[in-house]
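To start, the structure itself, in structure tokens.
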Amino acid sequence: MKNRASLTLMEMLIMVLVFSLSAAICLGLFAGADRLSEETVRQDRAVILAQNAAEALKAGAEPETAEDGLYLDIREVPSEIPGLKQAEITVFFEKEAIFTLETGWQEVAP
Amino acid sequence: MKEKNSKITDLLALLVFAVFALCLCLVLLTGARVYRNLVQTGEETYARRTAALYLSTRVRQSGTVAVEDFGGCQALTCAEEIDGEIYLTRIYCHEGYLRELFCAENAALSPSDGEKVLEAENLTLSLEGTLLTAQLDGQTLTFHLRTGKEALP
């Protein structure tokens, strides 16, 4: 009787150990999925921010350079074609570049 | 004594099982919460991206674009000429939806006649020179109107 009880306890402990290992893996995957979802939303916003900046540059207006933790770096790229202006727009999140957009537009004489 | 030891062992086994059940419930609840957040985020991202693409496509397709008041709502108006007549496509927010209304220039229609496109609460538009700025539910979209025309024909 005592042996049976001890055996049951032993089985249960092994069961908890196996479950703990599985739970640790599952929780890690959940955290990864959450992080990936956040990254996707951030990238989506970065794309729209970069597109808005490109459109503002084409119109000769001052683009928004920061929004909700994201910030832009706009670098003018020298163009070989006269009358064509080019720029590279990079969106950063916490010093990491997450999206880059190259744009070009015709220079309009004032 | 033997009976007491047996009871302690049984109690211990029950306790371990209870801890196991509790951990199982926690993991299941965490998984359910993460899945719900994923689905919700996915839906919001889809709605936001679709709205941005829809407005972008409409603005790019149109020859002339203007911002005007339509029955108390700010509307993006795109004009086109078909068989010598002017037809307008109006895009605006009304009663919780982004709507589109295609009609003749002088048609007497109201904002509720528009077709529902997406769920949206608020659309704010501004046109400065060739730069059109649209704010749809907090999301800002900017368009450079290539033709430079801002008035209706």
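Some values worked out for this structure:
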{"quantity": "Selection status of B:Val117, within 14 Å of chain A (Cβ to nearest Cβ) and either open to solvent by less than 80 Å² (accessible area, probe 1.4 Å) or of a type in the set (S, T, N, Q) (or both)", "calculated": "no"}
{"quantity": "Some residue of region B:55-78 being open to solvent by 20 Å² or more (accessible area, probe 1.4 Å), touching a Cys at 6+ places or on another chain (Cβ under 8 Å) and free of Cβ contacts under 8 Å to residues at least 24 places away in the same chain", "calculated": "yes"}
{"quantity": "Among the residues listed as A:Ala46, A:Ala87, the single one being of a type in the set (Gly, Ala, Ser) and assigned to a helix (DSSP H, G or I)", "calculated": "A:Ala46"}
{"quantity": "Tabulated pairs, region B:88-111, first over 16 Å from B:Leu125 (Cβ atoms), second among the small types (Gly, Ala, Ser) and surrounded by 14 or more Cβ atoms within 10 Å (Cβ to Cβ), C-beta under 6 angstrom, 6+ apart or interchain", "calculated": "B:Ser110/B:Gly71"}
{"quantity": "Contacts under 8 angstrom Cβ, first residue in region B:25-40 being at the interface with another protein chain (Cβ under 8 Å from one of its Cβ atoms), partner among the aromatic types (Phe, Trp, Tyr) and surrounded by 12 or more Cβ atoms within 10 Å (Cβ to Cβ), 6 or more apart", "calculated": "B:Thr30/A:Phe30; B:Gly31/A:Phe30; B:Val34/A:Phe30"}
{"quantity": "Number of positions in region A:1-46 that are more than 30 Å from A:Thr65 (Cβ to Cβ), open to solvent by less than 40 Å² (accessible area, probe 1.4 Å) and more than 7 Å from every other protein chain (Cβ to nearest Cβ)", "calculated": "1"}
{"quantity": "Sole exception among (1) closer than 28 Å to B:Thr45 by Cβ; (2) free of Cβ contacts under 8 Å to residues at least 40 places away in the same chain; (3) within 14 Å of another protein chain (Cβ to nearest Cβ) for B:Glu128, by number", "calculated": "(1)"}
{"quantity": "Only one of A:Glu64, A:Glu80 that is over 30 Å from B:Leu24 (Cα atoms), open to solvent by 70 Å² or more (accessible area, probe 1.4 Å) and within 14 Å of chain B (Cβ to nearest Cβ)", "calculated": "A:Glu64"}
{"quantity": "For A:Glu88: the one exception among (1) within 30 Å of B:Leu22 (Cβ to Cβ); (2) among the acidic types (Asp, Glu); (3) surrounded by 13 or more Cβ atoms within 10 Å (Cβ to Cβ)", "calculated": "(1)"}
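The values are calculated or read from the model by the stated rules, or taken from the named source; none is laboratory data. All values derive from a computational prediction rather than experimental measurement. Backbone-built Cβ (ideal geometry, glycine too); neighbour counts: all protein chains shown. Heads up: the accessible areas ignore ligands, DNA and RNA and are worked out on the full protein's heavy atoms, side chains in. Shrake-Rupley method; radii C 1.70, N 1.55, O 1.52, S 1.80 Å.
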